[in-house]
1. Need one number: the % of Cα-Cα pairs in the range 42-81 sitting beyond the 15 Å mark.
2. Using θ = phi - 60° and the Karplus relation 6.51 cos²θ - 1.76 cosθ + 1.60, list the HN-Hα couplings for the range 81-96 in order, rounded to whole Hz, with x at every Gly or Pro.
3. Gln55 to Ser85: extension gain in nm, 0.36 nm per residue of separation minus the Cα-Cα distance?
4. So if we plug the beta-carbon distance of Val105 and Arg11 into 1/(1 + (r/R0)^6) with R0 = 41 Å, what FRET efficiency do we get, rounded to 0.05?
5. For Gln102, which sequence-distant residues (separation of 5 or more, or a different chain) have an amide H within less than 5 Å of its own amide H, given hydrogens modelled in the peptide plane?
6. Using the per-residue mean of other Cβ atoms lying within 10 Å as a proxy for protection, in what order, highest first, do the peptides 109-117, 10-18 fall?
7. Using amide H atoms built in the peptide plane, which far-off residues or other-chain residues are under 5 Å from Gly77 H to H?
8. Between Leu62 and Ala21, how high is the FRET efficiency from 1/(1 + (r/R0)^6) when r is the Cβ-Cβ distance and R₀ = 41 Å? Nearest 0.05.
Amino acid sequence: MSSRFPLFKKRDLLVFLAAAALAGIGFLSWIPQSGAPVAVIEQDGHEVRRISLNQISQPETLVLEGEIPVTILLEPGQVSIIKSSCPDQVCVNTGVLTRPGQSAVCLPARVAVRITGETRSESDGQTPIDGMTG
C-alpha cells in the first residue's frame, strides 16, 4: 500500500546532511592543534610564561608566589604542577601534561597550566590568537 505522505522528503534529507556537515566541521575545529607542545602558564588571568617543551633540556621549577604558592615543574616534553598549598590538591593530582589540549588548574591559587600546539605564527615570533568573543 503506497502512502500519500512519505516518511522522508528530499529536503528533509538535505537538511539532515547539512546539519551533519556542520557538526563534522565543528568537531574538526575542536581537535587540538598539532606541532611542538607549548606550555602556557597563567596566574590571575595573565600569562606568566610561554615555553616550547621541546626547548627544555633539563628539569626546571617555576614557583608562583601569591596567597597560595604553586610550584610548576617543566621537563623535556612535559609540565606538571608538583606542589600547591591549596586544600584539595586537585591540581597536583592532575599529573603530567604532555599533549596539546591538556590542562591543569588550581582554582584557589588562580593558576592555570595548559599545553597548546605551536602554530606557524608562534614560530615567526608573532603572538597567536587563542580565542575570540563577539
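1. More than 15 Å apart: 41 percent of the Cα pairs in the range 42-81.
2. 8, 9, 8, 8, 8, 6, x, 8, 6, 4, 5, 5, 6, 4, x, 8
3. Full-extension gain reported as 7.9 nm.
4. That pair, Val105 with Arg11, gives E of 0.35.
5. Those qualifying (amide H under 5 Å, at least 5 residues apart or on another chain) are Ile115.
6. Packing order, densest peptide first, comes out as 109-117, 10-18.
7. Here the answer is Asn54, Ile56, since their amide H atoms fall under 5 Å of that of Gly77.
8. Step by step, r from the Cβ atoms, then E = 0.40.
Throughout, read-outs are computed from the coordinates displayed, never taken from laboratory work. Keep in mind the model is a prediction, meaning the values are calculated, not measured. Quick reminder, even Gly has a Cβ in these numbers, built from the backbone with ideal geometry, and neighbours come from all protein chains shown.
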